[in-house]
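Written below as structure tokens is the structure these notes are about.
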Amino acid sequence: MTTTSEVKTAQLAAIEQSGWGQPFRLVQPRNLAFWVYLLGVGGGALAVLRYFGPGAHFYSPALTGGVLLFGLYLVPWLLLLRHQNRYTAQPAALLATAFVWGGLAAPFWIALPANNALLEIWTKVGGTAFAANWSAGLTAPINEEFGKALGLVLLIGLAPRLVRGAYDGFIIGAFIGLGFQVFEDVLYVYNGAAQTFGADQITSSFQMFLIRGAAGIVSHALFSAIFCAGLMWVLGRTPGERNVPRGVLTMLTAMVFHFAWDDMGGLSGGNALLAVVLPFVIAIVELVTLFYVARHASRQERIWVRQLLQPESDAGVIDPALLAAVSGLGKDRKAFRKLVHSRSRARHLLDAAADLARELARAQGSETSEVAHARAELLRLRGGR
Amino acid sequence: MTDAAPREWVPVEHRFLGLDRRTFAPALSVLVIALLLLYGLPALNAAIPWHNEIRAGDVLDLGDGATAVPPVGWQLEGGTLAGTGSVSPSSVQVQLASGGATITLRGTSFTGTADAFLDQVQRSEGSPPGVDGSRGTVTTASGLVGVAQGSTSPNGDALDVAFKMAGASGEAEAAPALLVRVRTAPGQFERLQDTVATFLRGIAPGASR
């Protein structure tokens, strides 16, 4: 039988291990990771100015269109990722830091020069026909996946207590990937307009938006979420979570997906039917893998949330069904919705339970007015059934 | 019992030049990998020579049956030879190089004449310093007519030739456009004039257009 003190000890251990409730500050002058981050983002910003600067005036219709369209495109993505940032949720400032690394440092500081070099190396080694079919897929998965994941490593240096589990890698990776994707999309809009020497820029930017926007559903955000979850399994920053073979396999899976997406032409081998079907097949495999990785990566986080709220459950503040839902998977939340017969009521109860967990973590397990308020709110909602 | 350490407090045994040595591992790992990608790959690329020499009989694929005959001995640094892949005429990219001189070909979609296309190219790139020559007409062996303009500057000599890749039966206005650019070191263009002229004469539109 578990005693009250054991439950409380487990709660405090969960808070300590997860690092939940710790504040995040980017500006840490004594932290070398902060200076490397500045170097990368600064280098990326300079590269952006050098790349877009000379043609910015002539290509302003395309650039404006690209920035506006992909700015709007970003909104549903942020809502989706905010929704996925559950369990021991990461602070917004940390996710914004990840996004900026993904948008500036990874593509413009690292990938742009590295890709140009490696693409040319493949052309020299394999010839132009080989390069046309395979060089993109043999280049981007290496330079871009590692370039993006470096942002996660820097965030470990900047917030070692906050970035602990594989699910942290999954969410942070998704934000880095999203930053990369949106900034790269604007780059593609610019390049598309430059390809036609600026003729009919609005049409070309809209065409690029449709193509890249559709492909983006299963692109960089997905690749990086999977890759960074794998990296966290390799690094094993949570007791018992280190699994190098699984981590390496997960990282390689993300790279293979990236390869397949970039070398679709080579893989379809000139077969028109295959060229049409293949993107959908790859997208389905990618999404199934994404959910599988998310489910496994969140295992430790779900245990933490359960341990964090167990004293509240024992005290009758949270009933077992709500505890199972707030610390469970999609199917548990679905079962809870069915149980309470109301989607909105279930969502309110889940949000209130998550609020209580967050306030407990911030208070390091002690009683504060915020904890008392979050608990009272949850009891108010439960009483309103 | 001691008070909790203030934020940013680094114990003396962990300090190095005012920085927290415990943060060095992640930061230096990132720096090393980033520098390897940033400078290592370009250095490796610079160390590998080109071995894609054009041989007699090679023909460049410019998409939809359009072709060009590249000069023998030049390095093919980008582009597709006929029979080795498929190319879209509106996204053709070819790069040939020899001894500091380059010939690039870029295909794109453009509605209008070859002359208007060359105007559009020049508008998109502004006015680089140098002396532009007057425009002239280039006619290839297959009867394709292009508009050429040369220029010279302290950076080197340049020749831009714009074509609309329409065959005898095709609509010239709607046909894909092709821009051929020749760049040489200052004063070197004359030496390559015959090679360039032969190359331009060999550009042929697709038979279907």
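So the values come out like this:
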quantity	calculated
B:Thr111, A:Thr253, A:Thr238, reordered so the largest accessible area comes first (probe 1.4 Å)	B:Thr111, A:Thr253, A:Thr238
Using alpha-carbon coordinates, inclination of helix A:220-235 to the longest axis of chain A, degrees	60 degrees
Delta accessible area of at least 30 Å² on complex formation, residues of segment A:182-204, 1.4 Å probe, chain isolated as reference	A:Gln195, A:Thr196, A:Phe197, A:Ala199
Relative contact order, percent, segment A:303-383 [alpha-carbon distance under 8 Å, six or more residues apart]	27 percent
Cα→Cβ-extended label distance, 7 Å offset, between B:Ala174 and A:Leu381, nm	6.0 nm
Within segment B:86-186, GluC sites (Glu not before Pro) in DSSP loop having at most 11 other beta-carbon neighbours inside 10 Å	B:Glu171
Cα long-axis angle, helix A:299-314 against chain A (0 to 90 degrees, to the nearest 10)	20 degrees
Label point distance in nm, B:Ile48-B:Ser153, each placed 7 Å from Cα along Cα→Cβ	3.1 nm
Relative contact order (%) - criterion: Cα under 8 Å, at least six apart; region: chain A	22 percent
Residue mean of other protein chain beta carbons inside 10 Å, B:32-43	6
Cross-link partners of A:Lys124 among lysines (Cα-Cα below 30 Å; sequence separation of 8 or more within a chain)	A:Lys148
Heavy atoms of B:Arg123: accessible area, 1.4 Å probe, square angstrom to 10	130 Å²
Heavy-atom accessible area order for A:His296, A:His57, largest first, 1.4 Å probe	A:His57, A:His296
Rounded accessible area per residue of the protein assembly as shown, 1.4 Å, Å²	46 Å²
Estimated FRET transfer efficiency (A:Leu39, A:Arg347; beta-carbon r; R0 45 Å; 0.05)	0.60
Probe 1.4 Å - accessible area at A:Asp262, Å² to nearest ten	60 Å²
Cross-link reach list, lysines versus A:Lys331, counting only Cα pairs under 29 Å and skipping chain neighbours closer than eight places	A:Lys8
C-alpha long axis of helix A:369-383 to longest principal axis of chain A, angle in °	80 degrees
Estimated FRET transfer efficiency (A:Leu79, B:Ser98; beta-carbon r; R0 45 Å; 0.05)	0.25
Anisotropy class of segment A:1-120 from Cα gyration tensor, a/c 1.5 cut	prolate
Label-point gap, in nm, between B:Glu125 and A:Glu6 - each point 7 angstrom along Cα→Cβ	7.8 nm
Cβ neighbours within 10 Å from other chains - mean over A:129-135	4
Compactness of segment A:303-383 - radius of gyration and Dmax, Cα, Å	11.8, 34
The protein assembly as shown, dipole about Cα centre (Lys/Arg Cβ +1, Asp/Glu Cβ -1), debye to the nearest 20	2080 debye
Listed residues A:Gly137, A:Gly247, A:Gly55, most fluctuating in chain A (Gaussian network, C-alpha, under 10 Å)	A:Gly55
Calculated diffusion of the protein assembly as shown, Stokes-Einstein form, Kirkwood radius summed over Cα pairs, 20 °C and 1.002 mPa s, µm²/s	79 µm²/s
Prolate/oblate/rounded label for segment B:60-201 (Cα gyration tensor, a/c 1.5)	oblate
Residue-averaged 222 nm ellipticity for chain A, from DSSP H runs of 4+ at -39500 (n - 2.57), nearest 500	-26500 deg cm²/dmol
Peptide A:141-151, shielding by other chains (average Cβ, 10 Å cutoff)	2
Cleavage-rule hits, chymotrypsin sites (Phe, Trp or Tyr not before Pro), segment B:10-110, DSSP coil, Cβ neighbours within 10 Å at most 15	B:Trp50
Accessible area in the full protein assembly, largest first, 1.4 Å probe, for A:Ser342, A:Ser298, A:Ser366	A:Ser366, A:Ser342, A:Ser298
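The values are calculated or read from the model by the stated rules, or taken from the named source; none is laboratory data. Everything quoted here is computed from the prediction, not taken from an experiment. Cβ atoms come from the backbone with ideal geometry, glycine included; neighbour counts cover every protein chain shown. Heads up: the accessible areas ignore ligands, DNA and RNA and are worked out on the full protein's heavy atoms, side chains in. Shrake-Rupley method; radii C 1.70, N 1.55, O 1.52, S 1.80 Å.
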